[in-house]
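Colleague: There's a structure below that I have some questions on.
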Amino acid sequence: MIRVEGIHKYFGTLHVLRGISLDVEKGEAVVVIGPSGSGKSTLLRCINLLVEPDEGRVFLEGTQVNRADIRREWVRQQVGMVFQSFNLFTHLTALQNVMLGLTQVKGISKDVAATKARQLLARVGLAAKEHAYPAQLSGGQQQRVAIARALAMDPKAMLFDEPTSALDPEYIREVLDVMTALAREGMTMIVVTHEMGFASSVASRILFMDTGMIIEEGTPDKIFHHPEHERTRSFVDKILR
C-alpha cells in the first residue's frame with residue numbers, strides 16, 4: 001500500500017531523515033516509536049507530502065506520488081492524517097466539520113454529505129454531538145471528530161501523529177478505542193504514539209526510530225521484550241519502567 005525508498009529530509013543544515021525505507025502492506029497497522037526529535041512526525045508528513053522529501057521516492061499502491069505531475073491534494077485524499085492538534089473549524093459544528101471536505105473537495109451535495117457525515121460521527125461514537133461546536137466538546141471528542149473528518153475522504157491509509165498527546169488522560173482511551181476499531185476493520189495505518197499499551201495490542205509491526213533512522217523493527221513482543229539493539233533496549237526500558 002505504501003512504500004518509502006531512501007527518503008532524506010533536511011531543514012537547513014539539520015538532517016532530519018537519513019535514508020528511510022519502509023513498506024506497509026494493505027491492512028497493516030504499523031506503530032512508530034522513538035525519542036522526540038528522531039524524525040517520526042517528519043516521516044509521516046513526507047508520506048502524504050505535507051513535507052516534500054529532498055531525496056528518495058514515495059509510492060502509493062505502486063505509483064510514485066512525489067512527482068511534479070501528481071497533485072498533492074489528491075495524495076492527501078488517499079492518505080488521511082490526524083494530528084496532535086485537532087484543527088477543527090471553531091465556527092462549524094461537528095457535522096459541518098466532517099461535511100466540509102465532502103462538499104468542498106469531492107463536490108458532493110450537502111444532503112448526501114450530511115448523511116455520510118452522520119454515519120461517520122456514529123462510527124466514532126459521536127452521533128449525539130453532531131450539532132455541537134468544538135468549544136462544547138472535550139479534547140477526546142474533538143479528536144474523534146477529526147478522525148471522522150479524515151475518514152470522510154475514504155482514504156486508503158491513515159496516518160496518526162501522536163493523536164492523544166494533547167489529551168487529558170481521561171480522554172485518551174476513547175480515541176485509542178476508535179483507532180483500535182479501525183485497525184481491526186483492516187484500515188492501513190501508520191501511528192506515531194507514546195501509548196505503548198496500544199502499540200502492544202494493535203501493532204502488526206513496531207518501528208523504533210532515532211536520529212532520523214529506523215534503528216530496529218519487529219513485532220511488539222520482539223521490540224518490547226527482546227530488542228536486538230542497545231539503543232532500542234535503553235528506550236524501551238525507560239518508557240516501560
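Colleague: So if I take the centroid of the Cα atoms in the range 136-153 and the same for the range 180-205, what is the distance between those two points in Å?
Modeller: The range 136-153 and the range 180-205 have Cα centres separated by 18 Å.
Colleague: Something else about it: What is the sum of charges, Lys and Arg at +1 and Asp and Glu at -1, for the other residues whose Cβ falls under 15 Å from the Cβ of Phe11?
Modeller: +1
Colleague: Measure off, as a whole percent, the carbon and sulfur share of the 1.4 Å-probe accessible area of the range 8-52, all protein chains present.
Modeller: On the range 8-52, the fraction of accessible area on carbon and sulfur atoms equals 50 percent.
Colleague: Moving on. Could you tell me whether the chain comes out rounded, prolate or oblate from its Cα gyration tensor? Rule is a ≥ b ≥ c as square roots of the eigenvalues, rounded for a/c under 1.5, then prolate if a/b exceeds b/c, otherwise oblate.
Modeller: Oblate.
Colleague: Also: Using a Cα distance threshold of under 17 Å, what count of lysine pairs results for the chain when pairs must be 8 or more residues apart or interchain?
Modeller: 6
Colleague: What does the charge count around Ser138 come to, taking other residues whose C-beta lies under 11 Å from its C-beta (Lys +1, Arg +1, Asp -1, Glu -1)?
Modeller: Here the count lands on -1.
Colleague: With N residues in the range 44-158, what two-decimal value do you get for its Cα radius of gyration over 2.2 N^0.38 Å?
Modeller: My calculation over the Cα atoms of the range 44-158 gives 1.14.
Colleague: Related question: Which value in nm describes the separation of the simple spin-label points at Arg231 and Arg72, placed 7 Å from the Cα toward the beta carbon?
Modeller: 2.9 nm
Colleague: Another one. Roughly how many Å is it from the Cα centre of the range 28-95 to that of the range 215-236, as a whole number?
Modeller: 26 Å
Colleague: Then there's this: Would you calculate the separation in nanometres between label points at His91 and Thr63, each defined as 7 Å from the Cα along the Cα-to-beta-carbon direction?
Modeller: 3.5 nm
Colleague: Pop out the Kirkwood hydrodynamic radius of the range 2-92 from its pairwise C-alpha distances, inverse of mean 1/r, in Å to one decimal.
Modeller: Radius from the Kirkwood sum: 14.2 Å.
Colleague: Something else now. Report the gain in length on full extension from Ser138 to Thr180: 0.36 nm times residue separation, minus Cα-Cα distance, nm rounded to one decimal.
Modeller: Stretched fully, the Ser138-Thr180 segment lengthens by 13.1 nm.
Colleague: Taking only Cα atoms of the range 132-221, what ratio of Rg to Rh do you get with Rh as the Kirkwood inverse-distance radius?
Modeller: 0.99
Colleague: So, one more: Just how many % of Cα pairs in the range 149-188 lie over 12 Å apart, if you round to the nearest whole percent?
Modeller: For the range 149-188, the fraction of Cα-Cα distances above 12 Å is 64 percent.
Colleague: A follow-up question, please. If each DSSP helix of 4+ residues adds -39,500 (n - 2.57) and the sum is divided by the residues in the chain, what number results at 222 nm, nearest 500 deg cm²/dmol?
Modeller: Only helices count here, giving -11500 deg cm²/dmol.
The values are calculated or read from the model by the stated rules, or taken from the named source; none is laboratory data. Just so we're clear, the structure is a prediction, and the values are computed from it rather than from any experiment. Ideal geometry is used to build each Cβ from the backbone, glycine not excepted, and the neighbour counts take in all protein chains shown. With ligands, DNA and RNA removed, areas are computed over all heavy atoms of the protein, side chains included. Shrake-Rupley method; radii C 1.70, N 1.55, O 1.52, S 1.80 Å.
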